[in-house]
Amino acid sequence: MKAIIFGSIAFDAIETPVAKTDKIIGGSGTYICFSASYFVEPQSVCAVGYDFPEEFIKKLEDKGVDLAGMQRKSDEKTMFWAGRYFDDMNQRETLVTELNVLENFKPILPDSYKDTEYVMLGNLHPALQRSVLEQMNKRPKFVALDTMDLWMNITMDELKKTISMVDIIIINDEEARQLSGERSLPRAAKVICAMGPRYVIIKKGEHGAMLFNSDKVFVAPALPLDNVVDPTGAGDTFAGAFLGYVAQQDNTDFETMKTAMIVASAMASFTVEKMGTEALENLTADKIKERVLKFKELTAFSL
């Protein structure tokens, strides 16, 4: 099974209370592709500049990522983001954002992507997200959308148009409140479902995530970890694993979504234990299975 991954492949520089990096590879599309690659063949739609290293392109290819949709610009630099996390690693500040190659980016789908049935729209401008769908030969079987408060602040109408075209939206609790105008998360989910999606996932960081559709709710815990090193990319890892698992199962019912939530939470728990994509690059099926079983133990009980 294949899945289109639309998202940025970029450089990051990260500082957390326990570690610091120079420039490393990051971006939403990178985390999503690596995470999804354990379940499906990712088809990347992205753009990089002349400064992007060939060795990392090979690393993506070695993970089975199809890069036919990657635009390589010989006269522009790759996107760069730098950020610092506080002691409460749910909070961070952005130090530098250089859009570079993404400033005038127009995604172009190769013909080989246009019939893919599963699509993950990473966190970029909602008009660009929509343009990916508009290039498809037919409506995909399942479309997942990630977004953020920035787009709600500056382009809400465009965002709502895109939301109306997807099957699931993945956002955090404050974004859900902002998008819906509701403080209660169950009410917020109902308002968002009325915008078009069948499902809403509301992430609550170290407190897990909640899955809603019109009449059902499922809550996935977060795994208590002894050592959190770098939360960058955890949400993108979650999204990639979620979409990858659903595509692998080729099933979009609520029970499949529930299992996908646990698998996605397990994958995200690996990401935060290392800097950048290091943990995601070196997983095995056995490690993933072992971590998923730990999540099962968290909620197992008898009456």
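Bear in mind these aren't lab numbers, they're just calculated from the coordinates by the rules spelled out. Everything numeric here is computed off the predicted structure, so don't read it as measured data. Cβ sites come from the backbone with ideal geometry, for glycine too, and all protein chains shown count toward neighbours.
Considering only beta bridges that DSSP places wholly inside region 2-299, some 40 percent are antiparallel.
Straight Cα distances below 19 angstrom link Lys287 to the lysines Lys63, Lys274, Lys296, with same-chain residues fewer than 8 positions distant left out. Build a GNM of the chain with springs between Cα atoms under 10 Å apart, and of Val96, Val45, Val119 the one that fluctuates most is Val96. The order of Thr94, Thr277, Thr155, going from fewest to most other C-beta atoms within 10 Å of their C-beta, is Thr94, Thr155, Thr277. For Lys59, the aspartates and glutamates whose Cα comes closer than 15 Å to its Cα, not counting residues fewer than 8 places off in the same chain, are Glu41, Glu278, Glu281.
Across Ala239, Ala127, Ala144, mean-square fluctuation computed from a Gaussian network of the chain (C-alpha pairs under 10 Å connected) peaks at Ala127.
Across Ile192, Ile24, Ile154, mean-square fluctuation computed from a Gaussian network of the chain (C-alpha pairs under 10 Å connected) peaks at Ile154. Neighbours of Ala3, meaning other residues whose beta-carbon lies under 12 angstrom from its beta-carbon, give a summed charge of -2 when Lys and Arg score +1 and Asp and Glu score -1. Across region 114-208, the fraction of Cα-Cα pairs farther apart than 20 Å, rounded to a whole number, is 31%.
The alpha-carbon of Lys58 sits under 20 angstrom from the alpha-carbons of these lysines, leaving out residues fewer than 8 places away in its chain: Lys2, Lys23, Lys73, Lys77.
Listed from fewest to most Cβ neighbours within 10 Å, the set Asp230, Asp236 follows the order Asp230, Asp236. Label-to-label distance, Asn251 versus Leu150, with points set 7 angstrom from Cα along the beta-carbon direction: 3.7 nm. In a Debye calculation with equal point scatterers on the alpha-carbon sites of region 36-130 and no solvent, what is log10 I(q)/I(0) at q = 0.12, 0.15, 0.18 Å⁻¹? Here log10 of I(q) over I(0) equals -0.49, -0.75, -1.02.
Sorting the Cα pairs of region 2-299 by distance into bins of 5 Å, from 0 upward, gives 1, 6, 13, 18, 20, 19, 14, 8, 2, 0, 0 percent per bin.
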